[in-house]
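S.K.: Let me begin by handing over the structure; questions about it come next.
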């Protein structure tokens, strides 16, 4: 058994808790969504986790621009990679859920479209990184890109869909979390699930950045 | 006398046993937790197994990385 940080154990425990109570706990009986309301515990934490990861990436980008230490660039890059993974999982789980509740996997819902655009922006980040050979230049340009991408992404998926008609709860005058679609019993599972998946994302990011450090060490030799 | 009744009761039980087992309407009490509530516990167990497998894999990666870090004096 390797020694791992305490927060990785927290992630394991919270995910086990969220899976057991996510399937077995009581949920509101609602038309159309029926049992699929439990997707709230698995689909939504992907987006929350992605936002935390991309936020951590921005933090490290700012740190890179301030201190010019390659370590921050590696952290920022690792969190973007896991953030894209979580976003892609959020998108496909959302499409599966939408197929059975909204009638089609894709209905050009503002939030769906905005999150697809947002993911494309971050694909651009990966392409941009791949196209720059100079280590310093790559770190600086991608730090700036990551900050601007986040600054566009958050209004796109969080703010703008609320002003228009949307199928997502909490948008276009629909009541948000809490009024009809979430009760206190669900919150007791939902928030631990968000924390558990977010920590799992940081665990994966930690593994990626440790590989980067080793690669960096080998290439310097 | 008592033993005779006992033997007959046992014989009757043995004779009835296949009917009790094969009878389609019979409802024997078994360890049915995993079969209750539409067998949802089976799904929960499966998902927990998947999670356990993934975490075990992460532990293997952790172990390999820690060894590499130690060998190359790279701090975590």
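The values are calculated or read from the model by the stated rules, or taken from the named source; none is laboratory data. A quick note: this is a predicted structure, and the numbers were derived from the prediction, not measured. Cβ sites come from the backbone with ideal geometry, for glycine too, and all protein chains shown count toward neighbours.
S.K.: Check region B:12-34 and report whether any residue there is over 21 Å from residue A:3 (Cβ atoms), more than 10 Å from chain A (Cβ to nearest Cβ), in contact with a helix residue (DSSP H, G or I) (Cβ under 8 Å, 6 or more places away or on another chain) and at pLDDT 75 or above.
M.R.: In the first step, residues of region B:12-34 are kept if they are over 21 Å from residue A:3 (Cβ atoms); the result is B:12-34.
Subset that is more than 10 Å from chain A (Cβ to nearest Cβ): B:12-34.
Checking the rest, the ones that are also in contact with a helix residue (DSSP H, G or I) (Cβ under 8 Å, 6 or more places away or on another chain) come to B:26, B:28, B:33-34.
Retained after the next criterion (residues that are at pLDDT 75 or above): B:33-34.
For region B:12-34, residues over 21 Å from residue A:3 (Cβ atoms), more than 10 Å from chain A (Cβ to nearest Cβ), in contact with a helix residue (DSSP H, G or I) (Cβ under 8 Å, 6 or more places away or on another chain) and at pLDDT 75 or above: present.
S.K.: To continue, here is another question. Got a number for residues in region A:1-19 being more than 30 Å from residue B:67 (Cα to Cα) and more than 9 Å from chain B (Cβ to nearest Cβ)?
M.R.: To start, the set of residues in region A:1-19 that are more than 30 Å from residue B:67 (Cα to Cα) comprises A:17-19.
Going one step further and asking which of them are more than 9 Å from chain B (Cβ to nearest Cβ), we end up with A:17-18.
Of the residues in region A:1-19, 2 are more than 30 Å from residue B:67 (Cα to Cα) and more than 9 Å from chain B (Cβ to nearest Cβ).
S.K.: Something else: Does region A:167-190 contain at least one residue that is at pLDDT below 95, part of a helix (DSSP H, G or I) and under 16 Å from the mean Cα position of the chain (by Cα)? Don't jump to the end; show me each part of the working.
M.R.: Step one: of region A:167-190, the residues at pLDDT below 95 are A:167-190.
Remaining after also requiring part of a helix (DSSP H, G or I): A:184-190.
Restricting the remaining residues to those that are under 16 Å from the mean Cα position of the chain (by Cα) gives A:190.
Yes: region A:167-190 contains one or more residues that are at pLDDT below 95, part of a helix (DSSP H, G or I) and under 16 Å from the mean Cα position of the chain (by Cα).
S.K.: Can you pull out every residue in region B:50-76 that is more than 8 Å from chain A (Cβ to nearest Cβ) and in a helix (DSSP H, G or I)?
M.R.: B:50, B:52, B:53, B:54, B:56, B:57, B:60, B:64, B:67, B:70, B:71
For (1) buried (at least 22 other Cβ atoms within 10 Å of the Cβ); (2) in contact (Cβ under 8 Å) with a residue 12 or more places away in the chain; (3) touching a strand residue (DSSP E or B) at 6+ places or on another chain (Cβ under 7 Å); (4) in a helix (DSSP H, G or I), each residue gets a yes or a no:
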position: A:66; (1), (2), (3), (4): no, no, no, yes
position: A:86; (1), (2), (3), (4): yes, yes, no, yes
position: A:89; (1), (2), (3), (4): no, yes, no, yes
position: A:116; (1), (2), (3), (4): no, yes, no, yes
position: A:128; (1), (2), (3), (4): no, yes, no, yes
position: A:133; (1), (2), (3), (4): no, no, no, no
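S.K.: Here is a further query. If residue A:80 satisfies all but one of (1) within 14 Å of another protein chain (Cβ to nearest Cβ); (2) crowded, with 20+ Cβ neighbours inside 10 Å, what's the number of the condition it fails?
M.R.: (1)
S.K.: Of the residues A:75, A:53, only one is modelled with pLDDT of 95 or more, within 14 Å of chain B (Cβ to nearest Cβ) and in a helix (DSSP H, G or I); which? Steps first, answer last, please.
M.R.: Numbers: A:53 fails: within 14 Å of chain B (Cβ to nearest Cβ).
Result of the check over A:75, A:53: A:75.
S.K.: Given the criteria at pLDDT 70 or above, at the interface with chain A (Cβ under 8 Å from one of its Cβ atoms), surrounded by 10 or more Cβ atoms within 10 Å (Cβ to Cβ) and assigned to a loop (DSSP other than H, G, I, E, B), does residue B:47 qualify? Step through it out loud before you land on a result.
M.R.: Details: at pLDDT 70 or above: yes; at the interface with chain A (Cβ under 8 Å from one of its Cβ atoms): yes; surrounded by 10 or more Cβ atoms within 10 Å (Cβ to Cβ): yes; assigned to a loop (DSSP other than H, G, I, E, B): no.
Judged against the criteria, residue B:47 is not a match.
S.K.: A follow-up question, please. All but one of (1) closer than 26 Å to residue B:41 by Cβ; (2) at pLDDT 95 or above; (3) away from chain B (no Cβ under 13 Å) hold for residue A:61, so report the exception by its number.
M.R.: Of the numbered conditions (1) closer than 26 Å to residue B:41 by Cβ; (2) at pLDDT 95 or above; (3) away from chain B (no Cβ under 13 Å), the odd one out for residue A:61 is (1).
S.K.: Out of everything in region A:20-35 that is in contact (Cβ under 8 Å) with a residue 12 or more places away in the chain and in a helix (DSSP H, G or I), what residue ends up being nearest to the other protein chains (Cβ to nearest Cβ)?
M.R.: The extreme case among them is A:23.
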